[in-house]
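S.K.: Please find one structure pasted underneath; my questions will follow.
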Amino acid sequence: MNGALQIGVIGAGYVGLVVGAGFSEFGVNVVCADCDKARVKNLERGALPFHEPGLEQLVAQGVAARRLTFTTDTAAAVRAAQVVFIAVGTPVAADGRADLSALESAAREIGAALQKFTVVAVKSTVPPG
């Protein structure tokens, strides 16, 4: 690590990967954690799970600079971070409400891994309240 701010991003999908790549472009050290082992393996080799203009280059630059890394170990990402963003999916449930189960699971994992003061921010889409 280069002494820069350390951020953990929980979820390496549409929101988390873009957030992580963007922060790494500004010199921040970012660890993106995702429970999908295949997604993490693909990201480590430069294969993105979706297309967003300019993202492939941002990810490649962050990885090359060693400011952007990927893991399936959420606890390790949290322990190393000063700031953690929860960026997991919140799909619509059968009854039309947001399915917050992934967000709640990520929050529990983060809480169990915290060892020092850490800012936790929710970047996932959630209903008020």
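S.K.: On full extension of the chain, what length is gained from His51 through Leu5, given 0.36 nm per residue of separation minus the C-alpha to C-alpha distance?
M.R.: Working: separation 46, 0.36 × 46 = 16.56 nm, distance 2.75 nm.
Working it through step by step, the gained length comes to 13.8 nm.
S.K.: Once you keep just the Cα pairs under 8 angstrom separated by 6 or more residues, what percentage relative contact order results for the chain? It would help to have the intermediate numbers written out before the result.
M.R.: Details: 238 pairs, mean separation 37.5, N = 129.
29 percent.
S.K.: Give the separation of the Cα centroids, the range 10-26 to the range 70-102, in Å.
M.R.: Result: 13 Å between the Cα centres.
S.K.: With the crude spin-label approximation of a point 7 Å out along Cα→Cβ, what separation in nm comes out for Ala121 versus Phe26?
M.R.: Roughly 0.7 nm, to one decimal.
S.K.: For Ser24, what accessible surface area do you get with a 1.4 Å probe? Give it in Å², rounded to 10.
M.R.: Surface accessible to solvent at Ser24 totals approximately 0 Å².
S.K.: Given a 1.4 angstrom probe, what's the average accessible area per residue across the range 28-129, in square angstrom?
M.R.: Details: 6100 Å² over 102 residues.
It amounts to 60 Å² per residue over the range 28-129.
S.K.: So how strong a dipole does the chain carry about its Cα centre when Lys and Arg Cβ are +1 and Asp and Glu Cβ are -1, to the nearest 20 debye? The partial results should precede the final answer.
M.R.: On the way: 11 positive and 11 negative charges, 71 e Å.
Charge dipole of the chain: 340 debye, to the nearest 20.
S.K.: Here's something else I'd like to know. Would you mind counting up the charge near Val19? Only other residues with Cβ under 13 Å from its Cβ, with Lys and Arg at +1 and Asp and Glu at -1. Don't skip to the end; give the middle numbers.
M.R.: Numbers: positive: Lys123; negative: Glu25, Asp34, Glu52.
It works out to a net charge of -2.
S.K.: Once a ≥ b ≥ c are taken as the square roots of the eigenvalues of the Cα gyration tensor of the chain, is the result rounded (a/c under 1.5), prolate (a/b larger than b/c) or oblate (a/b not larger than b/c)?
M.R.: On the way: a/c = 1.86, a/b = 1.25, b/c = 1.49.
Because a/c hits 1.5 or more and a/b fails to exceed b/c, the chain counts as oblate.
S.K.: Using the beta-carbon distance between Ala112 and Ala60 and R0 = 30 Å, what value does 1/(1 + (r/R0)^6) give for FRET efficiency, to the nearest 0.05? Mind dumping the intermediate values first?
M.R.: Working: r = 33 Å, r/R0 = 1.10.
So the FRET efficiency works out to roughly 0.35.
S.K.: Counting Lys and Arg as +1 and Asp and Glu as -1, what is the net charge of the other residues whose Cβ lies under 12 Å from the Cβ of Ala80? Write down the numbers at each step before the final one.
M.R.: Numbers: positive: Arg79, Lys116; negative: Asp73.
So the environment of Ala80 carries a net charge of +1.
S.K.: Ignoring any ligand, DNA or RNA, what whole percent of the accessible area of the chain comes from carbon and sulfur when the probe is 1.4 angstrom?
M.R.: Answer for the chain: carbon and sulfur cover 56 percent of the accessible area.
S.K.: Can you tally the net charge around Gly62? Count Lys and Arg as +1, Asp and Glu as -1, for every other residue whose Cβ sits under 15 Å from the Cβ of Gly62.
M.R.: Working: positive: Arg45, Arg66, Arg67; negative: Glu25, Glu44, Glu52, Glu56.
Charge balance in the 15 Å sphere: -1.
The values are calculated or read from the model by the stated rules, or taken from the named source; none is laboratory data. Just so it is clear, the model here is predicted, and its values are computed rather than measured. A quick note on method: Cβ atoms are made from the backbone with ideal geometry, for glycine too, and the neighbour counts reach across all protein chains shown. Side chains included, ligands, DNA and RNA excluded: accessible areas come from the protein's heavy atoms. Shrake-Rupley method; radii C 1.70, N 1.55, O 1.52, S 1.80 Å.
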